[in-house]
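Since every read-out is calculated from the coordinates, none of them should be taken as a lab result. Not measured: the values here are computed from a predicted model. Because the Cβ atoms are built from the backbone with ideal geometry, glycine has one as well, and the counts that use them run over all protein chains shown.
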Amino acid sequence: MMFAQLSSASTDRVKEAVKNLLQFIETTTKISGAHSVEFYTEDVWKNQVAVSPEAVLSAFSQQQELEHGCRDAPDVSRIFSKATKQLVNLEAFVETARHYSLINMGLCTPIEELIDAFAIRKPEQTDKEIKTDQFMNDKKSHEVMVMSLLVEGIANIYHIKQVIDLGAGKGYLSSYLSMRYDLKVYGIDSSHTNTDGANKRNRKLKKYWQVYKTNARTTSKAQKSDQKGECLLPTNLCPDTNADEDVSKLRGDDLILKGPSISNSAEDKMSVFSCSSKLPNQKDCNRTVHPVQNTDTVDSSCNTCSFLDVLPAGAVELPSLSENVGKVLSHQEKERRKMENMKARNLKESDVYSPLTSYVTAETELHDIIADLEESIMVGLHTCGDLAPNTLRIFVAKPEVKAVCSVGCCYHFLSEEFDNLEDHTDGTWGFPMSEYLKERSCHIGRNARMSACLALDRVAVGQGLPTESLFYRAVLQVICKEVYGITQRSYSIDPQNKNVLQIDQRVGKIFSKSAGFIDYVRKSLKKFGQDDSKLSDQEIMGYYKKYEPRRNELEAFNRLKVFLAPCIEALILLDRLCYLREQENIAWSGLVKLFDPVKSPRCYAVLSLKQP
């Protein structure tokens, strides 16, 4: 059986790793749990770090040169001073943090093993892949392509045709699985807005994909003569690829399709094809509708990459294109298109992706949502907060669900059973899931979970940390405390009912809407309900100038938190793995690195399989 082919760390080894990891996280909680807002008001750097900011920044810039952390279990006691509790050994801190990342602990199953075990067909150059980047951004395209291959491989092993996508959002993964692999997909999301948008987008995608197939077939001769592999599609049939991720806004703007750019990356072993488009504001748009050349065959060497060349029969609506061609069609061609249109009109709703709206908890009864529930695979692509652990609980509880592939995100929204600040009445908790960590009353804390959302690989290449906005917010907090007496835990009295209320100090997106620091402070104070006239512009800038020389302290401290991010994420994911290992009806469970962490920082999937 295929499970024998899959490697996975033993449960005892996983638990031993969790025990050591937990010791490191508890030791470093003053760093991971510190809030950037209070950085200057609490003098965080002076109290917690005894090395220079320059040393930290230098260590971070060199961290990519270190492929691994410590080979042996590191000595955590060397990192902090026993007397002052400050960080004194930066090298030991960095090595230990790297050691306790998932990839360096050696607890993940290589994706190559899954490809072989599930007999997943690796796309080759002659296998024209769908150009998903016409309908979603590069990050989402990468995620959908990779995860879909894995899900399709699992579906083949179990001979399953039904997939349940929890937290489906805009439906990119769901619609791709449905149309690319002929799977019956139910995309469940709690937001009516997402579901309605997914329905509209799904209908539009089916029509546009058929347009691409028709043009790919009828313009193949012209393609072969084009050295660059470019062809202009009729502009009134092309989507606007500059409409962010909302394909429901598709409209007729110029689009140029280029031939496939094949990636031979040994890391992914998957080909991703690219396209380029003219932006709507470009002035040199060619709005000519090119005559369609009638041809019955498509040369296998054609450089066109069409969605519909790989879609199952009957998976799309077939719009008539007779109004848009400049050449009289033959009688045979008219009859063929007529039959295709009739087939599309008779397409049953069950043959396509079905977006559903429902709030899902661990106790959700799937039969109440899906009338024709049958043996299925449950998937979740970046399910937020508690939805990821609840996905695993549903998988364990429902015999119909034979496999689960879950990629979580938004760890700061997880509920914690042993967090005294949590107000949770659902009956289940996002963390911990496993009895192993429940017995230890394991607690992370919201600030540390927010640190887990940081992206080490992205920050290492100069992305991901909003340094300027963090500095603005930290200095603003000094003003709030010194001038208005407001701290992070300040309270006020409701004048109507005399209830005690905590003052909401969430700034939101004010930074991106501000002309500078003065504007930022005034807008923030007004949002907090404070009188900003107490301060002149000169006084506000005085605070900025006072702390600007210490900006590198804040930047360096956040780099320390970034080092810890993979460790906290590892604890959360290993807890989920331990939970699955504790269940009796599971045949195999493991963690898999699915995505490029620079493109998609939450790159690890929890994968679990029951006996077929």
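So the values come out like this:
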quantity	calculated
Mean Cβ count within 10 Å, highest first, over the residues of peptides 556-569, 473-486, 90-103, 515-528	556-569, 90-103, 473-486, 515-528
FRET efficiency, 1/(1 + (r/R0)^6) with R0 35 Å, evaluated for Arg13 and Ala83 via beta carbons	0.50
GluC sites (Glu not before Pro) within the stretch 13-67: DSSP coil, no more than 15 neighbouring Cβ in 10 Å	Glu67
Extension gain, Glu439 back to Lys534 (0.36 nm per residue minus Cα-Cα distance, nm)	29.0 nm
Listed pairs Lys526/Lys546; Lys481/Lys599; Lys30/Lys534; Lys139/Lys438; Lys513/Lys534; Lys402/Lys438 exceeding 29 Å between Cα atoms	Lys481/Lys599; Lys30/Lys534; Lys139/Lys438
